[in-house]
Amino acid sequence: MHNLQSTINSDTICAPATATGGAIGIVRVSGPDAFSAVSRLCSVCCDEVVANTVHYTHIVNAEGEVIDEVMVSVFRAPHSYTGEDSVEISCHGSRYIINKVLELLVQNGCRMANPGEFTQRAYLNGKMDLSQAEAVADLIASTNKATHHVAMSQLRGGISTELSVLREKLLRLTSLLELELDFSDHEDLEFADRKELLELTGNIDCHILHLAHSFEMGQAIKQGIPVAIIGAPNVGKSTLLNSLLGEERAIVSDIQGTTRDAIEDTIDLQGITFRFIDTAGIRHTSDTIEQLGIERSVAAAQRARIIIMMTEPGKPYPNIEVRDDQTVIRIENKTDAFQAKYGIGVEELKERLVAAVPTFSENDTIITNARHYDALMRAHDSLCNVLAGMGAGNADDLPTQPLPSDLLAEDLRQVLDILAEITGGQITPQETLNNIFSHFCVGK
């Protein structure tokens, strides 16, 4: 399926697919000798049983000692996770039992799998593209509804589908430009309409930038939406944080300047993780340490996506510069409308926090991977070269001497290659694959 097919190691690999200590543990085996290796340990002849079936048996060592009673699931290539002959051994979750099963498999010709090697083989065997393979790691690491939703969308091919449509449009025009080169003797002959090329390139560039700009939201979803609590000393910031968290996380004191550094903690609201930052009170001070804390408060506000500004009746809100992409929630503490000190209004605040997060549907594609973001920005740079060559930014007319077909085609081909890097649709360097899959857990 892929040009890297020849690099697949012919070894048969094994690894635990579950954490030890639970009631059940699963050991995965995949490769050309998976069936024979497992069959030597039990009474199930994997080569002869029906594919996708589960069998009760015992794992026995060379001396005839029973290690455990297990369930053996048999998957025949290409209808398995890796696309190879595969077996999953479900045993009891004892660390000793799992290690003994692995030891016996190694003695019978298997080797321990590297991190992510099962998923890497699935990619190399054409079971999934590279963006889907990376989504597997995100799905495993998902901690709430939002991160799970985004990872599932990518695993189902959300990114792949969008990029496929864009690449198909670019490929058609690139082919027409390259066809012109075959008729270079006819200088006035054009197969690709330049105005159509300009319009289509501009639309594709807007789409690519839209995807790239979703990366900020994708990172916020994965790491938690940053929320900075800003206000003067002793206005109730730490009390509010404790009320939101439901625990005494921050020190509460009537003494001004108690909070000298930012305190961070997270809560999950309606499937979204919020990362709260309780900052030092903002005021004029000669205390060097406190001033450092105030500077960090300003920096935290600049990084935040949501800013909770707190004040007391009759007093001004903090003078903090706010960006257009930031949401500000203003609170007058110790009033009938909001008395965070006694927990009144905290639920209303939580609702406002959730409402401040942009909504996205199942059809929206959110970029969460830095590698994808980098590729999209490089594709944007190449498209800018095409647009410049076509006279984008000029008045209404195209330049009288636009770039020749070969240069336009070269830039468009570069965009196609860059977009293909995301899904692995072209030759992907082995070091890139190694870097991607090395961050996976063993057994996946």
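The values are calculated or read from the model by the stated rules, or taken from the named source; none is laboratory data. The structure displayed is predicted, hence computed values, not measured ones. Here the Cβ is made from the backbone with ideal geometry for all residues, glycine too, and neighbour counts use every protein chain on show. For the accessible areas, the whole protein counts, side chains as well, though only heavy atoms, and no ligand, DNA or RNA atoms are used. Shrake-Rupley method; radii C 1.70, N 1.55, O 1.52, S 1.80 Å.
Evaluate the following for residue 39: is it among the small types (Gly, Ala, Ser) and touching a residue at least 60 places away in the same chain (Cβ under 8 Å)? Judged against the criteria, residue 39 is not a match.
Within segment 163-175, the set of residues being surrounded by fewer than 18 Cβ atoms within 10 Å (Cβ to Cβ) and either in contact with a Ser or Thr (Cβ under 9 Å, 6 or more places away or on another chain) or in a loop (DSSP other than H, G, I, E, B) (or both) comprises just one member, 164. For segment 33-58, which residues satisfy the criterion of being more than 23 Å from residue 118 (Cα to Cα), of a type in the set (Ser, Thr, Tyr) and surrounded by 13 or more Cβ atoms within 10 Å (Cβ to Cβ)? Selection gives 57 alone.
When residues of segment 110-132 are filtered for being in a helix (DSSP H, G or I) and open to solvent by less than 20 Å² (accessible area, probe 1.4 Å), how many remain? Talk me through it step by step, then tell me what you get.
Kept after step one, since they are in a helix (DSSP H, G or I), are these residues of segment 110-132: 117-124, 130-132.
Filter again for open to solvent by less than 20 Å² (accessible area, probe 1.4 Å), leaving 117-119, 121-124, 130-131.
Summing the residues that are in a helix (DSSP H, G or I) and open to solvent by less than 20 Å² (accessible area, probe 1.4 Å) in segment 110-132 gives 9.
Being within 25 Å of residue 271 (Cβ to Cβ), of a type outside the set (Phe, Trp, Tyr) and open to solvent by 20 Å² or more (accessible area, probe 1.4 Å) is true of residue 139.
Scan segment 350-375 residue by residue and report those that are open to solvent by less than 30 Å² (accessible area, probe 1.4 Å) and over 17 Å from residue 132 (Cβ atoms).
353, 354, 356, 357
Pairs are defined by a Cβ separation below 8 Å, a sequence spacing of at least 6 or placement on different chains, a first member in segment 150-176 that is on the phi > 0 side of the Ramachandran plot, and a second member that is assigned to a loop (DSSP other than H, G, I, E, B) and buried (at least 18 other Cβ atoms within 10 Å of the Cβ); the pairs so defined are 157/129. Restricting attention to segment 236-261 and to residues that are surrounded by fewer than 23 Cβ atoms within 10 Å (Cβ to Cβ) and in contact with a Gly (Cβ under 6 Å, 6 or more places away or on another chain), the residue that is modelled with the highest pLDDT turns out to be 243. When segment 225-235 is filtered for residues that are crowded, with 23+ Cβ neighbours inside 10 Å and part of a loop (DSSP other than H, G, I, E, B), only 235 remains.
Please indicate, with yes or no, whether at least one residue in segment 12-27 is of a type outside the set (Gly, Ala, Ser) and farther than 30 Å from residue 129 by Cβ. Yes, because at least one residue in segment 12-27 is of a type outside the set (Gly, Ala, Ser) and farther than 30 Å from residue 129 by Cβ. Each residue in segment 218-240 was checked for being over 28 Å from residue 150 (Cα atoms) and of a type outside the set (Ser, Thr, Tyr), and 9 of them qualify.
Test of understanding: among 74, 29, 38, which residue is modelled with pLDDT of 95 or more, in contact with a Leu (Cβ under 7 Å, 6 or more places away or on another chain) and of a type in the set (Val, Ile, Thr)?
Numbers: 74 fails: in contact with a Leu (Cβ under 7 Å, 6 or more places away or on another chain); 38 fails: in contact with a Leu (Cβ under 7 Å, 6 or more places away or on another chain).
Of 74, 29, 38, the one residue that is modelled with pLDDT of 95 or more, in contact with a Leu (Cβ under 7 Å, 6 or more places away or on another chain) and of a type in the set (Val, Ile, Thr) is 29.
Of the listed requirements (1) open to solvent by less than 50 Å² (accessible area, probe 1.4 Å); (2) among the β-branched types (Val, Ile, Thr); (3) free of Cβ contacts under 8 Å to residues at least 24 places away in the same chain, residue 29 misses just one: (3). Checking each residue in segment 59-94 for being in a strand (DSSP E or B), open to solvent by less than 70 Å² (accessible area, probe 1.4 Å) and within 12 Å of residue 41 (Cα to Cα) picks out 59, 60, 67, 68, 70, 72, 89.
Test residue 376 against the criterion of being over 30 Å from residue 329 (Cβ atoms) and either assigned to a helix (DSSP H, G or I) or touching a Cys at 6+ places or on another chain (Cβ under 6 Å) (or both), and give yes or no. Steps first, answer last, please.
Values: over 30 Å from residue 329 (Cβ atoms): yes; either assigned to a helix (DSSP H, G or I) or touching a Cys at 6+ places or on another chain (Cβ under 6 Å) (or both): yes.
Spelling it out, residue 376 is indeed over 30 Å from residue 329 (Cβ atoms) and either assigned to a helix (DSSP H, G or I) or touching a Cys at 6+ places or on another chain (Cβ under 6 Å) (or both).
When each of 146, 151, 135 is tested for being part of a helix (DSSP H, G or I), under 18 Å from residue 421 (Cα atoms) and among the small types (Gly, Ala, Ser), the lone residue that passes is 135.
Restricted to segment 304-338, and to residues there that are farther than 17 Å from residue 235 by Cβ and among the basic types (Lys, Arg), the residue that is modelled with the highest pLDDT is 305. Restricting attention to segment 181-215, the residues being at pLDDT 85 or above and either open to solvent by 80 Å² or more (accessible area, probe 1.4 Å) or part of a loop (DSSP other than H, G, I, E, B) (or both) number 4.
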